[in-house]
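The values are calculated or read from the model by the stated rules, or taken from the named source; none is laboratory data. Since the structure is predicted, the reported quantities are computational estimates derived from the model, not experimental observations. Note that we place each Cβ from the backbone using ideal geometry, even for glycine, and neighbour counts take in every protein chain shown.
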Amino acid sequence: MSFVLPTYARAPITMAKGEGSYLYDTEGKVYVDFCAGIATCSLGHCHPAQVEAISRQAGTLMHCSNLYGIEQQELLAKRIVEDVIALPGKVFFSNSGAESNDGIIKTARRFGHRRPMSNGQPRYEVISFKQSFHGRTLGAMAATGQEKIQQEFSPLLEGFRYAIYNNIESLRSSITEKTCGILLEPVQGEGGVYAATPEFLRAAAELCREHDLLLMIDEVQCGFGRCGTMMGWQSIAPEIKPDLISCAKGLGGGFPIGCFWIGDRATDEAGNPLYSIMDAGSHGSTFGGNPLACAAALAVIEQIVSQNLPARAAVISERIKQEIMSWQLLPIQGIRGEGLLLGVALKPASFELPAGSLPSVYLNNLCREAGLLCCPAGPDTLRIIPALTISDETLREGLAILRCVISEL
């Protein structure tokens, strides 16, 4: 009997070891990893630089609380601001993507108090999008535009309106006098791997300027090289300037850490920057930004930057797209996404499914049995999200398995 709460429909395997882009289960079976901890293990498993950084820091100082200055936290924040986001601002460290999204939602609400409606009442509504995913805390879940995520958790946190993704008119018509921000993913990962169009991102930024709203970008799955640029939005419309950005997953390379960035947009006539509204006592985290997590993340960013892994992800992405489409297999409808956040769109009517099975889940299970780990994204999309460091040989091995499995459908 398991004493773990059954909140996951776990595969019938248990992992024992990871090395690079391979995982080994307790029975000794080897898997090519095209999942990377759900877009988290940026450098693959047990990268020597990250292992060494964690080991060294673990023997020095793991935790001391945010009541004191933390050198590694300052170094990491500087690296994120200057080398990743490349826009002026400040960073708050959390432990996960959901916490980071809660943080930017809180910031938007405080902004709405500082810049209220014409009647003096605070603005508090955030527009997010149908099929979005922002996490499973009460705040992040309320921002998520999927009813299945919210089922039986009502009443939800109020203040969210869901527009249609990539539909400019739907977004424009969702804005009211209560709106304080627009929250979007550059690529909807959980929602089926749909990338925002450049026109849509630019329109969102323009509407924020027009209506005095905050542009809030959820980079939890897209950021840190995953989409072929340091941040996901930069691969689509690099000229826009977000006000708030949430991050996690790839930042820690498998070690739990998240963060959110607040820009320096002026919020009053005195020119006080946006980040100044989140002052002492406005937010906190016991474990967020502890020395051990920051040391792990610093090692990850150092490798991403020094090895130019975003550019490599962009090159590999095109190789994967061309390879898969060259197969001309009937079950494949197409492939979409940015960088190494890709989705193979399936034609469910082209192959037989067991009763009650979803196409993406069924194919994912077949791949796992054949020695390839992927991840479903919605009912009819198989997600391919390998490590940014995956070797050409391992990539070919994984694609060969995928082709064989789909051919046998």
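Miscellaneous remarks
- Of the strands (runs of 3 or more DSSP E) lying entirely inside region 157-233, those containing at least 1 residues that are crowded, with 24+ Cβ neighbours inside 10 Å are 179-184, 214-218.
- Of all residues making up region 139-182, the number that are within 24 Å of residue 259 (Cβ to Cβ) and within 18 Å of the chain's Cα centre (by Cα): 9
- Region 92-113, residues that are of a type in the set (Lys, Arg) and either modelled with pLDDT under 95 or crowded, with 24+ Cβ neighbours inside 10 Å (or both): none
One line per residue, one yes/no per condition, for (1) closer than 23 Å to residue 310 by Cβ; (2) surrounded by fewer than 23 Cβ atoms within 10 Å (Cβ to Cβ); (3) in contact with a helix residue (DSSP H, G or I) (Cβ under 8 Å, 6 or more places away or on another chain):
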residue: 36; (1), (2), (3): yes, no, no
residue: 43; (1), (2), (3): yes, no, yes
residue: 49; (1), (2), (3): yes, yes, yes
residue: 58; (1), (2), (3): no, yes, yes
residue: 63; (1), (2), (3): no, yes, yes
residue: 67; (1), (2), (3): no, yes, no
residue: 75; (1), (2), (3): yes, yes, yes
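- Checklist (1) of a type in the set (Ser, Thr, Tyr); (2) part of a loop (DSSP other than H, G, I, E, B); (3) within 28 Å of residue 234 (Cβ to Cβ); (4) more than 22 Å from the chain's Cα centre (by Cα) applied to residue 285, failing item: (4)
- Candidate set: region 269-293, residues that are closer than 30 Å to residue 253 by Cα and among the hydrophobic types (A, V, I, L, M, F, W, C); chosen: the one surrounded by the most Cβ atoms within 10 Å (Cβ to Cβ): 293
- In this structure, residue 82 qualifies as surrounded by fewer than 20 Cβ atoms within 10 Å (Cβ to Cβ) and under 17 Å from residue 225 (Cα atoms).
- For residue 409, the requirement of being hydrophobic (A, V, I, L, M, F, W, C) and surrounded by 21 or more Cβ atoms within 10 Å (Cβ to Cβ) is not met.
- Criterion (assigned to a helix (DSSP H, G or I) and among the aromatic types (Phe, Trp, Tyr)) met by exactly one of 129, 153, 111: 111
- Selection from region 122-138 of residues that are aromatic (Phe, Trp, Tyr) and touching a Ser or Thr at 6+ places or on another chain (Cβ under 7 Å): 133
- Any hit, region 312-323, residues being touching a helix residue (DSSP H, G or I) at 6+ places or on another chain (Cβ under 9 Å), closer than 27 Å to residue 73 by Cβ and assigned to a helix (DSSP H, G or I): no
- Check on residue 353, out of contact with any Cys (no Cβ under 8 Å at 6 or more places or on another chain), modelled with pLDDT under 95 and of a type in the set (A, V, I, L, M, F, W, C): yes
- Within region 300-336, restricting attention to residues that are out of contact with any strand residue (DSSP E or B) (no Cβ under 6 Å at 6 or more places or on another chain) and of a type in the set (Gly, Ala, Ser), the residue that is farthest from residue 196 (Cα to Cα) is 306.
- In region 356-400, the residues that are in a helix (DSSP H, G or I), surrounded by 19 or more Cβ atoms within 10 Å (Cβ to Cβ) and β-branched (Val, Ile, Thr): 394
- First in region 117-137 and assigned by TED's automatic domain parsing to the domain that holds residue 156 and aliphatic (A, V, I, L, M), second anywhere and part of a loop (DSSP other than H, G, I, E, B) and surrounded by fewer than 24 Cβ atoms within 10 Å (Cβ to Cβ), Cβ under 8 Å, 6 or more apart: 117/177; 117/178; 126/159; 127/175
- Count - residues of region 239-263 that are surrounded by fewer than 24 Cβ atoms within 10 Å (Cβ to Cβ) and either among the hydroxyl-bearing types (Ser, Thr, Tyr) or touching a Ser or Thr at 6+ places or on another chain (Cβ under 7 Å) (or both): 2
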